[in-house]
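These notes concern the structure reproduced below.
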Amino acid sequence: MNSQRLWVCTVVLLASASARTAFAEDYEVRLTRPVAVGQRFEFKATSTMSDHNAASQDGRVLKEQRAAFTTLAEGVLTVKVIDEQKRAIEYAFEVARCQIKPDGGEARDLLPAGTRVAMFRHAGKDVFMVDDKAVIEDVEEVLGGLIELPDSAETDDDVFGTTQRQSVGSSWKINNARLAKMLALLDLEVDTEKVSGTSTLEKVGVVDGVPCMTVKTKAVVSDTSARVPAGLTLESSKVTIDVSGQYPLDTSREMMSNEIGMVFDIGMKATPSSGGPDVKITTKHVMTRRQTFKPLPAASAVQK
């Protein structure tokens, strides 16, 4: 191939690539989806939590502990009350399964199938009631970790979203200040300058017959002002957050599924009163959760 022909081919390829970029389809990104009172979902959520704590002195491990457990909730969620942003702030949950399983142990049922749980917020706290009575602490902790209710005016769009249309592969910066505000609800004081994160429209495809987009977010927060026990000094802290969700291209439809992973790494030290090297203490807490929502007919339609 002579140089003139090579030059012509290069120009054609570049023009073709530019045309594909110019006409790439873009999409409205909406992470917070509206729901309506009476709307019902076949719901499933699983969560895994693990802790690893270690103490060492002068490079020698003094003590090490590990613990992990998995929780599960399945059933039918019915929206009872929504807020001005059309987010569910009260649910009725009919249990199919509600379990906890320690690592290496047997799964244990926390609520029998058919139990109806009322879920709402009161005085800044999630409340779970069965027959007008608060559930026991174990059930409250499990359901609270699997089924969330809004605890602030901040939405996922405010924190992780964008007002600009995006094409597949496009990324945008998250709102650092609003993520810091959200983490403050977990008793973590965060300097906005220590927050970094990006969301990406990863792909578009069909999920259970519904055209959807997958949006992923990764954020890192360093040097949080985590609370530590008396007698210990905080040396380092880091929070890593990974979020992924599948959202119908029709922004009036509810989210299909979402996953979240959070890793808390904390380093502390204790200075022995008798002298000698400091005792270094590290703790790592890992939490992952996956939720799926499948729309169901309204209760009135089922009764007919």
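The values are calculated or read from the model by the stated rules, or taken from the named source; none is laboratory data. None of the values given here were measured: they were computed from a predicted structure. Ideal geometry is used to build each Cβ from the backbone, glycine not excepted, and the neighbour counts take in all protein chains shown.
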Review point. So is Gly144 within 22 Å of the chain's Cα centre (by Cα), free of Cβ contacts under 8 Å to residues at least 60 places away in the same chain and surrounded by fewer than 17 Cβ atoms within 10 Å (Cβ to Cβ) or not?
Key: yes
Review point. In the list Glu74, Glu90, which residue meets the criterion of being outside any loop (DSSP other than H, G, I, E, B) and within 19 Å of the chain's Cα centre (by Cα)?
Key: Glu74
Review point. Looking at this structure, is Val95 more than 22 Å from Thr288 (Cα to Cα), in a strand (DSSP E or B) and in contact with a strand residue (DSSP E or B) (Cβ under 6 Å, 6 or more places away or on another chain)?
Key: no
Point to revise | Filter result (buried (at least 17 other Cβ atoms within 10 Å of the Cβ), in contact with a Leu (Cβ under 8 Å, 6 or more places away or on another chain) and among the small types (Gly, Ala, Ser)) within segment 147-181 | key: Gly161, Ser170
Revision key, fill the gap. Per the filter on segment 215-271, residues among the polar types (S, T, N, Q) and touching a strand residue (DSSP E or B) at 6+ places or on another chain (Cβ under 7 Å) are Thr217, Ser222, Thr224, Ser225, Thr233, Ser236, Ser237, Thr240, Ser244, Gln246, Ser257, Asn258
Practice item. Within segment 102-116, track down each residue that is out of contact with any Asp or Glu (no Cβ under 6 Å at 6 or more places or on another chain) and surrounded by fewer than 16 Cβ atoms within 10 Å (Cβ to Cβ). Key: Pro102, Asp103, Gly104, Gly105, Glu106, Ala107, Arg108, Asp109, Pro112, Ala113, Gly114
Exercise for review: For segment 117-139, state whether one or more residues are of a type outside the set (Val, Ile, Thr), in a helix (DSSP H, G or I), surrounded by fewer than 17 Cβ atoms within 10 Å (Cβ to Cβ) and in contact with a Ser or Thr (Cβ under 7 Å, 6 or more places away or on another chain).
Suggested key: no
Practice item. Output the residues belonging to segment 19-41 that are farther than 29 Å from Glu94 by Cα, modelled with pLDDT of 95 or more and not in a strand (DSSP E or B). Key: Glu28, Val29
Study note, to complete from the structure: All-but-one check, Val243 against (1) over 30 Å from Gln39 (Cβ atoms); (2) crowded, with 18+ Cβ neighbours inside 10 Å, failing number (1)
